[in-house]
There are 2 protein chains.
Amino acid sequence: FMKLKKNVAEFANKVKMIGKDDPRRITHSIKVGITLALVSLLYYFSPVYGGFGSSTMWAILTVVVVFEFSVGATLGKGLNRAIATFLAGALGVGAHHLATLAGKEGEPILLGLFVFLLAAVASFSRFFPGIKARYDYGVLIFILTFSLVSVSGYREDKIIRLALHRFSTIIIGGLSCVVISIFVFPVWAGEDLHKLIFTNIEKLGDFLQTFGGEYFENFEKDGVPKDDKKTLLHLNGYKTILNSKTAEESFANFASWEPPNGGFGYRHPWKQYLKIGMLTRQCAYRIESLSNCINNSQVQPLEFKKIVQKGCMEMSIESGKALKELSIAVKTMRHPDSVFTHLKNSISAADNLKSSLRTAKMENTNIFELIPAAKVTTLLIEIIGCISNIVDSVNELSRLAKFKGAETTATSVDKPKPQLHHEETLNSVTVETSSHDNATHAIITVCALSTALESGILEDPLIL
Amino acid sequence: FMKLKKNVAEFANKVKMIGKDDPRRITHSIKVGITLALVSLLYYFSPVYGGFGSSTMWAILTVVVVFEFSVGATLGKGLNRAIATFLAGALGVGAHHLATLAGKEGEPILLGLFVFLLAAVASFSRFFPGIKARYDYGVLIFILTFSLVSVSGYREDKIIRLALHRFSTIIIGGLSCVVISIFVFPVWAGEDLHKLIFTNIEKLGDFLQTFGGEYFENFEKDGVPKDDKKTLLHLNGYKTILNSKTAEESFANFASWEPPNGGFGYRHPWKQYLKIGMLTRQCAYRIESLSNCINNSQVQPLEFKKIVQKGCMEMSIESGKALKELSIAVKTMRHPDSVFTHLKNSISAADNLKSSLRTAKMENTNIFELIPAAKVTTLLIEIIGCISNIVDSVNELSRLAKFKGAETTATSVDKPKPQLHHEETLNSVTVETSSHDNATHAIITVCALSTALESGILEDPLIL
């Protein structure tokens, strides 16, 4: 009995956590319940039931299947369902008519053939990535409705009446879902995507802001790394970014079905969010490497540490600040002006560090001991490259989505420039960043506002 | 007209590509077509139609919705649907009975309340990750059937007959899908997962085997890196691994529904595949960093290059071979005996390199120029750590799934040892690898067969 009590308590706790994690889940569940109860009771209103007969069940079916968490997903499914039902219904009536012409014997053969062909072709079309992403459900409903309508052994006038009834009830069910999901505590997938993107950027910023201190203070005290699990946990926020691709893509897909809402206008550039997300992920891969360095830190030659510490701390903190500013810019939908100062600072810190490394001649150095700090240095420099890519893509977003303040700086963005083609291949970006012209260009574009910098930074053919 | 022709040609090409990419897609489409045509024609067999009436449409609906690409997905959906329909049908009849007791007035109110409560609770349960993964469809069908059955305004005896008809037709539709998907060119999700895992390991091996040569030969010729795009493309295979998590998880989920088939017995340890996949991904993140080095390679001091080149080439080639062997071991389901030699070789190469780095005193060295090669060295050493984790988890798989040859070496695996807890957090693994005892232990476990090595390798408190 105690065990049961414990299980119940555990379960209650879990329920509470899931609800607390995102309270919209609770309102969603209630919304589904209300919509379904309302639609179900259509059965009991004789004018409706009298009109549609048992077709009313299609309204219930539609509500159960179409009502999704976000407005975009619900609208997408609803439209898919309505349009596919309509098309397939019409086609089904046609097929049925054709088949009856073949006589009593030929009818089932012909119908079987039609169903086979349509089902096979439609099933195959579901393997097209574009169809899979947006119209998968529609194709399913298309096959379903076509089969039901064409095969049902009724006379034609009855079929048409039936098809119309079904279509109307599906519209009733679908509209109920859409109306309730839009007007009662709406959950906008676009808002979620927006939030995901800027919190991810913020997480990277958090990491970088604390990293410098963590890494170098590890040695500060006794020259031996401390095993500080707490810090690690605090720094682990970025890890969710590594696998955020699927979530971002589905949000963007749903968002594209949504009508204008909040700050997001008609044809808001959701695809640009995916690009920013991809670049954020690339940065996260490098941060992943950086975070490995914290625990692998080692007794280091003091001489070398002196050279790199100041530069690395500055790079880490300034680039962290740049990301935080960028995150705020995306969040508040303003043009990211203040970011450039921090980005510039971090770039010049990198520049200084590089030149001091170039001039530093250390004699009698044990190379093995230099390696960890050297790795941190190169990673930080690489990360600055990634960040300037992110800044670039946020600039683009600011222009496309007409963020506040975007027009005033539009001149620096609008001038013709060779486009960087970011693809979902990390290498390509690095290739661009490392091939001399583009990299210089990328940084220069970013720093166009601060002309002081256009000279140096990328004279080496690489950012390491 | 020319444009249309071009579009048609492009489309045909795309269709061909999708079919060629995985010919099972074509057979799948045909299977769906045949099953649906067969089930649709049930309408035309009067004994069946006479028995089930218009309930036959549920068979069609079931086929369209349940028939999925793999056996596991089909079985999972079919079972979900059958069980949920049965339970919800029974519950619905009960609810209907209760509601009629409330009289003409109370009935719709009570029923509305029932539907609301059930729909809200069930919708909320879909947010539980465990339910979402395996029973999402079942919950949907549960809500649907309950609403349909409880609300339908029929008398009770008719409801029960109707519920039974629906249930039988759903069973007929579901069984047709399952039978056809199992016995006609079956697509096993488990097989796909198995294949995905070993090809991913192989891809990493391919990269490492060619990397050493590519990286150092870049300088061989003229001291200046060549921009060899072809090589890059050849090395890019590993990139798909970075985002393979979702695919692996859904394969594993489907696989768990599948009956024993091929080499995969009852309760095949599919979860262990996810663990291997996760460790493979962690290795891929490091390879990602490594691949950035190829194009960022730079004029390097010859002196330093001499020190690291041999060691790095050996590490890269031997660890690549180890991975390839491991991939073959998983593929053929044999215990990975031959892997240890290569792993041992790569570990001793790392060991040698470390000690030569430790003793090498370079005077008048420009530190800045050392950094790239130093980075490659540390990454390779890190990767060897990752690989030994992968080897560990494949060993575990070999034991759990009783690979050929697994028993003979079971003694070295079965002996009590502190378990390493791998989580989907990259850091945790690194923490383990770097914290002295565990890392030594991990490597020692792996190398238990080759006692020659138990001494050295991890005397430093870190693998860098």
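Each value in this text was obtained by applying a stated rule to the coordinates, not by laboratory testing. None of these values were measured; they are calculated from a predicted model. Note that we place each Cβ from the backbone using ideal geometry, even for glycine, and neighbour counts take in every protein chain shown.
Observations, loosely collected:
- For segment B:375-389, Karplus couplings with θ = phi - 60° (6.51, -1.76, 1.60), whole Hz, Gly/Pro x: 5, 4, 4, 5, 5, 4, 5, 4, 4, 4, x, 4, 4, 5, 5
- Taking segment B:1-157 and dividing mean pair separation by its residue count, relative contact order in percent (alpha carbons under 8 Å, at least six apart): 22 percent
- Note on segment A:1-143: dipole from Cβ charges, positive end direction compared against A:T35, A:I131, A:T62; the farthest Cα belongs to A:T35.
- Between A:N236 and B:F183, the modelled labels are 5.0 nm apart [label points 7 Å from Cα along Cα→Cβ].
- Label-point separation in nm, A:D157 to B:L87, each point 7 Å along Cα→Cβ: 4.7 nm
- Among A:H335, B:H165, the order by Cβ neighbours within 10 angstrom, fewest to most, reads B:H165, A:H335.
- Under Karplus coefficients 6.51, -1.76 and 1.60, residue-wise ³J(HN,Hα) of segment B:100-105 in Hz, glycine/proline x: 5, 5, 7, x, 3, 6
- Each other copy holds its own label point for A:K404; taking that point as 7 Å from Cα along Cα to Cβ, the gaps run 7.0 nm, nearest first.
- This ranking places B:K31, A:K239 by how few other beta-carbon atoms lie within 10 Å of each, fewest first, which gives A:K239, B:K31.
- Other copies of B:K195: label-to-label distances in nm, shortest first, labels 7 Å along the beta-carbon direction: 4.0
- Between segment A:82-119 and segment B:365-384, the C-alpha centres lie 68 angstrom from each other.
- FRET efficiency, B:K331 to B:K402 (Cβ-Cβ, R0 22 Å, nearest 0.05): 0.85
- Virtual spin-label span in nm between A:D21 and B:T359, 7 Å along Cα→Cβ: 5.6 nm
- Ascending count of other beta-carbon atoms within 10 Å, so fewest first, for A:Y44, A:Y238, A:Y135: A:Y44, A:Y135, A:Y238
- A straight chain from A:R267 to A:F1 at 0.36 nm per residue would run longer than the Cα-Cα distance by 90.0 nm.
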